[in-house]
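Data block below; observations after.
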Amino acid sequence: MATPMNPSKLDPKKELKKFLTLIKRKNPGEREFLQAVTEVAVDVFPFTMEHPKYFKNKIFERMCEPERIFIFRVPWMTDDGRIMISRGYRIQMNSAIGPYKGGLRLHPTVNLSILKFLAFEQIFKNSLTTLPLGAGKGGADFDPRGRSDNEVMRFCQSYMTELAKYIGNNIDIPAGDIGTGSREIGYMFGQYKRMKNEFVGVLTGKEFSYGGSLIRPEATGYGCVYFVEEMLKLKEDNLKGKVCAVSGSGNVAQFAARKLMDLGAKVVTLSDSGGYIYNPDGLDDEQWGYLMKLKNVDRGRISKFAEKFGLAYYPEERPWKVKCDVALPCATQNEVNGEDAEMLVKNGVQVVAEGANMPCTPEAIEVFTKNRVLYAPGKASNAGGVAVSGLEMAQNSIRYSWTKEEVDKKLRDIMKEIHKQCVKYGENGTQINYMKGANIAGFVKVADAMLAQGLV
Ligand code: NDP
């Protein structure tokens, strides 16, 4: 595309179409990446045409192109001596406002499209946190489920042996994501330290004993619930007594459920890739404690949870058929489709806030918007995780640890601020378009930094 002329003379709809055609041509077959870019472009592209400095400098087009991508072989050995070859990735997406920052996903479905979508979303999310964090994402098609600790360790060491060439505490600071919890972060940190012979905060999500932040494990789930509290506050409402459907049973789901319970809400569902459990009375403390052991120590399936407590279990299904006031999808991308959304609306859902990244399809979002359901996109509502990762980096830099209360307060304040930014840019008469608000607020900060730094 040649340098654009004065946008006031151009038709925004035609220009958006032209832009999306170009992005599709450049990234063929990358379904999730194209979905994420389209969702943002619908709000941001017309905005850039109203603000010619962004349009003329092709700032949004530049944001859609990763600064660099590494793809590499990760060989490792099983306990019985078989050789396995995984494919590792790191995407350094945007460093306009800080060093690259974003998680590592270990899951058999990992591919370039999924990691590019996650890295792209990370630009806006990290900008919204108010912290100086650039955007990145990485991972591998390795599946830690069913692997022994030793196999996971060998994989992590091999992955880090290559990754260590590209990261650093002032360059790129990876964290956890699906399949990467404190065990995996520990093995990777150990290998990095051994190779570089330096003890620095090159990864976040570390255990507290060696430089982790208190509240980091809780941060994404807690943050998501704090965001819902802010949404309800605007309606002069709160979470007390609200029936909540949560999907997933990993890190984000566990702590979203915990905070919902602490605030007097009823958590009626949990799930994993095998199916979902339903407890119409809401989880109690004993059940939550068992969930933590089941998923983090025994690494078992959610069906076992239903067995233990005599609850209904629905194999191969997702929890969106149940009656609820609040739905928090906390498992994975595209887990709520248009039909699920229709069902949720029929059952009276008032708020949907994404704990996972892009769990709602475009069709689902359309259904929520049409029916005036309050809908929060993950880049706003799940930003608490990366925000506390940013706080972990700050604590590592000053070689000091803040108390639980201090970190929790900072997290709460950040979620309030993100909500405020969404309202500022997304208010539209009587309704708040949180998606538009998050997209534009996230864009402006990074865009201004890119403009200031010239054509790089
Ligand atoms: P975990 O690995 O701890 O848990 C993931 C959960 O989602 C598991 O219950 C898993 O079930 C389920 N799941 C994964 N893939 C699928 C699938 N294809 N279909 C159905 N269920 C699935 O990951 P996290 O809790 O950390 O992450 C969950 C989501 O939140 C992801 O989208 C992640 O990108 C996002 N996120 C995470 C942050 C963090 O701080 N951890 C920060 C911001 C966003 P099973 O075990 O059966 O695979």
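The values are calculated or read from the model by the stated rules, or taken from the named source; none is laboratory data. No experiment lies behind these values; they were computed from the predicted model shown. Ideal geometry is used to build each Cβ from the backbone, glycine not excepted, and the neighbour counts take in all protein chains shown. These area figures cover heavy atoms from the full protein model, side chains too; ligands, DNA and RNA do not enter into them. Shrake-Rupley method; radii C 1.70, N 1.55, O 1.52, S 1.80 Å.
Residues in the stretch 190-205 that are more than 10 Å from the ligand (Cβ to nearest atom) and open to solvent by 10 Å² or more (accessible area, probe 1.4 Å): Gly190, Gln191, Lys193, Arg194, Met195, Lys196, Asn197, Glu198, Phe199, Val200, Gly201. Sub-8 Å Cβ pairs linking a first residue in the stretch 391-415 that is within 23 Å of Phe199 (Cβ to Cβ) to a second residue that is of a type in the set (Val, Ile, Thr) and surrounded by fewer than 19 Cβ atoms within 10 Å (Cβ to Cβ), at least 6 apart or interchain, are Asn396/Val200, ordered by first then second residue. You will find that of Lys58, Lys14, Lys101, the residue that is touching a strand residue (DSSP E or B) at 6+ places or on another chain (Cβ under 8 Å) and either under 20 Å from Asn439 (Cβ atoms) or open to solvent by 50 Å² or more (accessible area, probe 1.4 Å) (or both) is Lys101 and no other. Which of the residues that make up the stretch 359-386 are touching a residue at least 60 places away in the same chain (Cβ under 8 Å), crowded, with 24+ Cβ neighbours inside 10 Å and not in a helix (DSSP H, G or I)? Scanning the stretch 359-386 gives Pro359, Tyr375, Ala376, Pro377, Asn382, Ala383.
The set of residues in the stretch 150-186 that are over 20 Å from the mean Cα position of the chain (by Cα), within 16 Å of the ligand (Cβ to nearest atom) and not small (Gly, Ala, Ser) comprises Val152, Phe155, Cys156.
Residue by residue, here is whether (1) of a type in the set (A, V, I, L, M, F, W, C); (2) within 16 Å of the ligand (Cβ to nearest atom) holds:
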{"site": "Glu67", "(1), (2)": "no, no"}
{"site": "Phe70", "(1), (2)": "yes, no"}
{"site": "Trp76", "(1), (2)": "yes, no"}
{"site": "Asp80", "(1), (2)": "no, no"}
{"site": "Arg90", "(1), (2)": "no, yes"}
{"site": "Ser95", "(1), (2)": "no, no"}
{"site": "Gly102", "(1), (2)": "no, yes"}
{"site": "Arg105", "(1), (2)": "no, yes"}
{"site": "Val110", "(1), (2)": "yes, yes"}
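Condition (residue is loosely packed, with under 15 Cβ neighbours inside 10 Å, among the charged types (D, E, K, R) and touching a strand residue (DSSP E or B) at 6+ places or on another chain (Cβ under 9 Å)) applied to the stretch 85-92: is it met by at least one residue? Quick ask: steps written out before the conclusion?
Our first condition is that a residue be loosely packed, with under 15 Cβ neighbours inside 10 Å; within the stretch 85-92, this holds for 85.
Next, only the ones that are among the charged types (D, E, K, R) stay: none.
Checking the stretch 85-92: not a single residue is loosely packed, with under 15 Cβ neighbours inside 10 Å, among the charged types (D, E, K, R) and touching a strand residue (DSSP E or B) at 6+ places or on another chain (Cβ under 9 Å).
In the set Lys259, Lys295, only one residue is crowded, with 16+ Cβ neighbours inside 10 Å, within 9 Å of the ligand (Cβ to nearest atom) and either assigned to a helix (DSSP H, G or I) or not assigned by TED's automatic domain parsing to the domain that holds Ala341 (or both); that residue is Lys295.
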